[in-house]
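Where a number appears in this text, it was derived from the coordinates with a stated rule and is not lab data. All values reported here derive from a predicted model rather than from experimental measurement. As a convention, Cβ positions derive from the backbone with ideal geometry for all residues, glycine included, and neighbour counts pool all protein chains shown.
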Amino acid sequence: MIFSKFGCKLNPVSKSQDASGRTWVQATADGSPDIREYAAADLKADDGLGEINQALAQLPFKVVGNKVERRRQTPC
């Protein structure tokens with residue numbers, strides 16, 4: 001199970017990478033239909049980094065043009 005840094009359960013949908021190489025994950029949180037973007041470095045998982053890396057490897061890249069909201073400081 002993947003969680004945000006605030007402990008919300010996430011359902012990852014896709015991933016993207018910015019110009020500096022930072023990976024972002026687009027996901028829904030706790031059953032919300034809204035897709036938000038989370039920094040991959042801020043994610044947590046029951047089984048640690050290996051589980052996060054495995055989940056990221058299976059995600060497709062975000063389709064250009066999808067509008068998502070980046071979540072950096074606010075809970076879920």
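Brief remarks on what is shown
- Test for Ala55: is it in contact with a Pro (Cβ under 7 Å, 6 or more places away or on another chain), part of a helix (DSSP H, G or I) and of a type in the set (A, V, I, L, M): yes
- Scan of the stretch 40-50 for residues that are surrounded by 16 or more Cβ atoms within 10 Å (Cβ to Cβ) and aliphatic (A, V, I, L, M), ordered by number: Ala40, Leu43, Ala45
- Cβ-Cβ contacts under 8 Å between residues 6 or more apart (or on different chains), taken from a first residue in the stretch 7-20 that is in contact (Cβ under 8 Å) with a residue 12 or more places away in the chain to a second residue that is among the acidic types (Asp, Glu), are listed as Cys8/Asp30; Lys9/Asp30; Ser16/Glu37.
- Residues of the stretch 21-45 that are part of a strand (DSSP E or B) and in contact (Cβ under 8 Å) with a residue 24 or more places away in the chain: Thr23, Trp24, Val25, Gln26, Ala27, Ala29, Arg36, Glu37, Tyr38, Ala39, Lys44, Ala45.
- Restricting the stretch 14-39 to residues that are surrounded by 17 or more Cβ atoms within 10 Å (Cβ to Cβ) and of a type in the set (A, V, I, L, M), the residue that is nearest to Phe61 (Cα to Cα) is Val25.
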